[in-house]
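Structure record follows, encoded as structure tokens.
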Amino acid sequence: MTDPWTTHPWEQAYPAEHGYPTEQGYASAQGYHQVQGSHQVQAYPAQQAHPVAQGYAPEQAYPAQQQAHPVAQAYAPEEAYPQAPAPHASLIPAPAPAPERLPTRAPVSGDAFRTVEPALVPEVRPVRVSVDNNRCHIYGICQQEAPEVFRISDEGSLHYSGNVPAEFAARARQAVRCCPMQAIRIHGGGPTTRRASGRSLRSGTSAREPRKRIVIAGGGLAGMSAAGRLRDRGFDGEVVIVGEERHLPYSRPPLSKQYLAGALSGDDLTFQTEEVPDAHWLLDTRLTGLDLARSALLLRGGERLPFDGLVLATGVDAKRLPEAPVFSERVRTIRTLEDAAAVRVALHEARARHVVILGGGFVGCELACTAREHGMDVTLVVHSAPLLRRVLGPKVGAVIGSIQRRAGVDVRLNTQVSDWQDHGDTLRLRLSDGRQLECDFVVLGLGSEPRTEWLRDSGLEVSDGVLCGPTSHAVDRWGRLVPHVVAAGDVARWPNVRFDVEPRRVEHLIHAVEMGQHAAEALLRGPGRADRFTPVPRFWSEQHGTRIQAVGSPALGTDVEIVEGSLRSERFIARYTRATPYGPQVVGVVAFDMPVQLLAYRDQIGGNRPRPRAVRSRRRR
């Protein structure tokens, strides 16, 4: 097989033995000029100096946002920022020529261009699958990933084919990766391009070999997915994964539900060993900085880890309230396995009877479900109304509120904690509406913040996550793509041009799998040849027995239409759209207890629905 690195632009522009000089590490914002010594090398054809060459959506791609989000302004132009400072004056490149302005063309509908589905590596051998019915919660993710293999009946039971032909083996394997409960096992098969390095994977500076080294910053699901795809595509260099937790990657969604309830252990959450790629794992290792000029990660103790390519996948941290008692054992967050274990122990030791949960998102609502199942009194304090308003909108969010109240949860909307008092055996909270609560325990479910504090001095744009172009390549503070650095998972903020050119972060398990895989491919291919990452986001939840599945980004919608079922029955499908000059654009679909029916709507995401024609009366002559 051809080595995937032999045709990559890095082979000529970045010799492995010299690392990446400061100006070689960036691509010029106006034409991807790369510098070697005193000679300027045109990395891509000159006619690609147009923003399309940077991976941005072409002018014709998104007419719906053409006026509000001009493509040329998706990232600030070179003139808007000072020239990137260079540590060595000899490496300062000559000014790049201004890009040739293309003639203005009439915009076209968002349906007129092709969005690339996340790629899977084909397999040539059949596989066998099995499902642990004790762990399966019928979330329906496997059916979305491999409908040829898995099917949920109208009665809500899962059916699957145990023997999977080779043509569907890759889809079945992806379903295994995306199963939050790790209930599916797969046997046999595997990508034929995967090959182990066959050499010891040493990471010290003094032990550098002529082979390429890719470092993955982050030991979670996105990082593991990136490492697996590198091996699937035949990369036989070093892969080093640096994780700040001391665990191998595990599934996080069950932390606030099955793990907290004691139904699953930490080992049950760990991803299957056959999915863990051939890599050198540096666990329990804190990241302190990134030296882009010399292509090295900075680790605790002053250690440096050089790299030829870098995947940023450090994820997010749980938000905290600055006014909350910092040292109280009765106030906790849940983000990591250690957090969930501490909450489980603290709840037991406090003999909690009344729990207050701050936050009305999915984490807060699922924590309320778990506490009620264990007979605790639960008060849910939310600063807005209704529950899940930002994600599902007020109409569907009100249904979630009804489900929670019917289960016995005391829902307090449009209020927040204004004063905390820890009396040792109890907590006393004063709310902004003047009421007072006494409780045994408080869990903060206030959302998350991207883990980018260690990148603040790196030169990358890291406000609200690592800013990326549509191919997942990182963008620096001067708006330039960094060809040897990509980002994936919760920490990445990129424009999904299926919707528009506004960079956003997505925090879902399936997204971490798919973006980790795409980032690995983009790193191997380079920004000039990589596809744009245009997935259909998918997520799920369970609220007191009601299963909720969603595709797309419902939060982008301005109008909600109930297309099947009814809100009153709490069994329905809601379609979210927003107005564009070419008709309503479908941005999301949410199903309550209708997983089978949801499949028919997935392909609508990002497309425009026909605008109804106005009926005009004819004048009689």
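Every number here is computed from the coordinates shown, using simple stated rules; none is lab data. This is a predicted model, so every value here is computed, not measured. Please note: Cβ atoms are built from the backbone with ideal geometry, for glycine as well, and neighbour counts cover all protein chains shown.
Observations on the structure shown:
- Long-range HN-HN contacts of THR333 with modeled amide H, under 5 Å: LEU444
- Proximal lysines to LYS319, defined as alpha-carbon separation beneath 30 angstrom and excluding residues fewer than eight positions away on the same chain: LYS257, LYS395
- Couplings 3J(HN,Hα) of region 328-338, computed from phi: 6, 6, 9, 10, 9, 10, 10, 9, 10, 4, 5 Hz, in residue order, whole Hz [Karplus 6.51 cos²θ - 1.76 cosθ + 1.60, θ = phi - 60°; x for Gly and Pro].
- Gyration tensor verdict on region 504-586 (Cα atoms; rounded if a/c is under 1.5, prolate if a/b is larger than b/c, oblate otherwise): oblate
- Applying the Karplus relation 6.51 cos²θ - 1.76 cosθ + 1.60 with θ = phi - 60° to region 171-186 yields 3J(HN,Hα) values of 5, 4, 5, 5, 4, 4, 5, 8, 6, x, 8, 6, 8, 10, 10, 10 Hz, where x marks Gly and Pro.
- Amide H contacts under 5 Å for ARG547, placed H, 5+ residues apart: ASP593
- When the alpha carbon gyration tensor of region 479-621 is reduced to an equivalent ellipsoid, its three semi-axes come out at 33, 24, 11 angstrom, largest first.
- Mean-position separation - Cα centroids, region 399-452 and region 309-323, in angstrom: 23
- For a modelled paramagnetic label at LEU321, 7 Å from Cα along Cα-to-Cβ, the residues of region 354-372 in reach, with backbone nitrogen under 13 Å, are 356-360.
- Amide hydrogen neighbours beyond the local backbone of GLU461, cut-off 5 Å, H modeled: LEU467, VAL475, ASP476, ARG477
- All other residues whose Cβ lies under 12 angstrom from that of LEU427 are scored, Lys and Arg at +1 and Asp and Glu at -1, for a net of -2.
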